[in-house]
Amino acid sequence: MKKLIIGNWKMNLGLKASLVLAKAVKGIKTNNEVGVCPSAFALAGVKQILSGSQVKLGAQNCFWEIAGAFTGEISAKSLKEIGCAFVILGHSEQRALGETCQRVNLKTKAVLAAGLTPVVCVGEDWAKYKSGKSRAFVQGQIKRALTGIKLNGKKLVIAYEPIWAIGSGKAMRAGEANQMQALIKAEAKKVLGQPKAEVLVLYGGSVEAKNAADFLRQDNIDGLLIGGASLKAQEFKKIANIK
Ligand code: PEP
């Protein structure tokens with residue numbers, strides 16, 4: 001089945017390096033849906049390079065207002081104009097800097113209103129995981145992020161990223177991730193009040209070419225959000241091509 005594979009380049013690359021990587025991945029041809037999320041300053045340049053490519057463009061964050069005196073912020077409307085297809089929201093690295101569920105909620109509404117797909121990140125830290133509180137914590141994050149949202153036929157993507165698995169080289173076991181993802185999908189549909197809503201759930205956290213297939217063969221894992229491995233073109237291509 002077709003999966004969604006998104007690379008999050010984070011703040012790892014300058015403009016030149018972003019364009020080089022974009023050139024290296026633009027030729028990806030796969031049955032999966034693929035996207036990359038460069039830094040905001042590289043979005044327009046990467047979009048030009050990806051013209052005619054199957055690889056879609058995404059942003060790593062945005063603001064919830066459409067326009068106005070909000071120094072340093074970028075609206076979802078502008079991201080749409082640049083050619084983005086989706087926007088990562090509430091990444092744990094943003095949450096660690098003060099991002100709140102309430103703001104993620106406002107941003108999710110703004111992204112949907114702009115005609116883009118939100119990729120809402122959720123996930124527990126090691127202490128919560130070890131004490132068996134992951135489910136309740138993640139359900140709370142979903143409830144707060146999705147309250148008052150109506151999809152009206154639009155698609156929502158949730159990325160389940162256990163914080164302890166991000167960049168640590170210690171991925172969650174695929175079967176365990178699969179169980180969490182089932183719970184996440186059910187919770188999201190419950191909060192949305194739409195049992196038939198199109199909600200995709202990605203897994204993220206130390207995915208590489210060597211373990212990606214384990215995740216992608218799970219029933220409730222609709223794709224992957226990839227950090228470190230998305231910076232290596234060959235590695236990312238291998239993951240994007242997994243059937
Ligand atoms: C991420 O930060 O979204 C992520 C999944 O990172 P990594 O793949 O490097 O663990």
(request) Scan the range 187-214 residue by residue and report those that are out of contact with any strand residue (DSSP E or B) (no Cβ under 8 Å at 6 or more places or on another chain) and within 17 Å of Lys154 (Cα to Cα). (result) Lys190, Val191, Gly193, Gln194, Pro195, Lys196
(request) State which residue pairs qualify: first residue in a helix (DSSP H, G or I) and inside the range 130-154, second residue surrounded by fewer than 16 Cβ atoms within 10 Å (Cβ to Cβ) in any location, beta carbons under 8 Å apart, and separation of 6 or more residues or different chains. (result) Arg144/Gln102
(request) Restricting attention to strands (runs of 3 or more DSSP E) lying wholly within the range 1-99, give those where 1 or more residues are touching a His at 6+ places or on another chain (Cβ under 8 Å). (result) 4-8
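For the range 195-212, enumerate the residues that are more than 15 Å from the ligand (Cβ to nearest atom), touching a helix residue (DSSP H, G or I) at 6+ places or on another chain (Cβ under 9 Å) and in contact (Cβ under 8 Å) with a residue 12 or more places away in the chain. Let's see the steps before the verdict.
Looking only at the range 195-212, we keep the residues that are more than 15 Å from the ligand (Cβ to nearest atom), and these are 195-200.
Remaining after also requiring touching a helix residue (DSSP H, G or I) at 6+ places or on another chain (Cβ under 9 Å): 195-197, 199-200.
Across the range 195-212, the qualifying residues are Ala197, Val199, Leu200.
Can you find a residue that is open to solvent by less than 60 Å² (accessible area, probe 1.4 Å), among the hydroxyl-bearing types (Ser, Thr, Tyr) and in contact with an Asp or Glu (Cβ under 6 Å, 6 or more places away or on another chain) anywhere in the range 112-121?
Here is the first cut: in the range 112-121, the ones open to solvent by less than 60 Å² (accessible area, probe 1.4 Å) are 112, 114-121.
Narrowing the set further to residues that are among the hydroxyl-bearing types (Ser, Thr, Tyr) leaves 117.
Next, from what is left, pick out any that are in contact with an Asp or Glu (Cβ under 6 Å, 6 or more places away or on another chain): none.
Taking every residue of the range 112-121 in turn, none turns out to be open to solvent by less than 60 Å² (accessible area, probe 1.4 Å), among the hydroxyl-bearing types (Ser, Thr, Tyr) and in contact with an Asp or Glu (Cβ under 6 Å, 6 or more places away or on another chain).
Given the residues Leu50, Leu15, which is the only one that is buried (at least 18 other Cβ atoms within 10 Å of the Cβ) and more than 28 Å from Phe137 (Cα to Cα)? Write out each step before concluding.
Details: Leu15 fails: buried (at least 18 other Cβ atoms within 10 Å of the Cβ).
So the residue among Leu50, Leu15 that is buried (at least 18 other Cβ atoms within 10 Å of the Cβ) and more than 28 Å from Phe137 (Cα to Cα) is Leu50.
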(request) Would you be able to say whether some residue in the range 151-162 is within 11 Å of the ligand (Cβ to nearest atom), open to solvent by 40 Å² or more (accessible area, probe 1.4 Å) and closer than 20 Å to Lys133 by Cα? (result) no
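The values are calculated or read from the model by the stated rules, or taken from the named source; none is laboratory data. On a predicted model such as this, the values are computed, not experimentally measured, just so you know. Ideal geometry is used to build each Cβ from the backbone, glycine not excepted, and the neighbour counts take in all protein chains shown. These area figures cover heavy atoms from the full protein model, side chains too; ligands, DNA and RNA do not enter into them. Shrake-Rupley method; radii C 1.70, N 1.55, O 1.52, S 1.80 Å.
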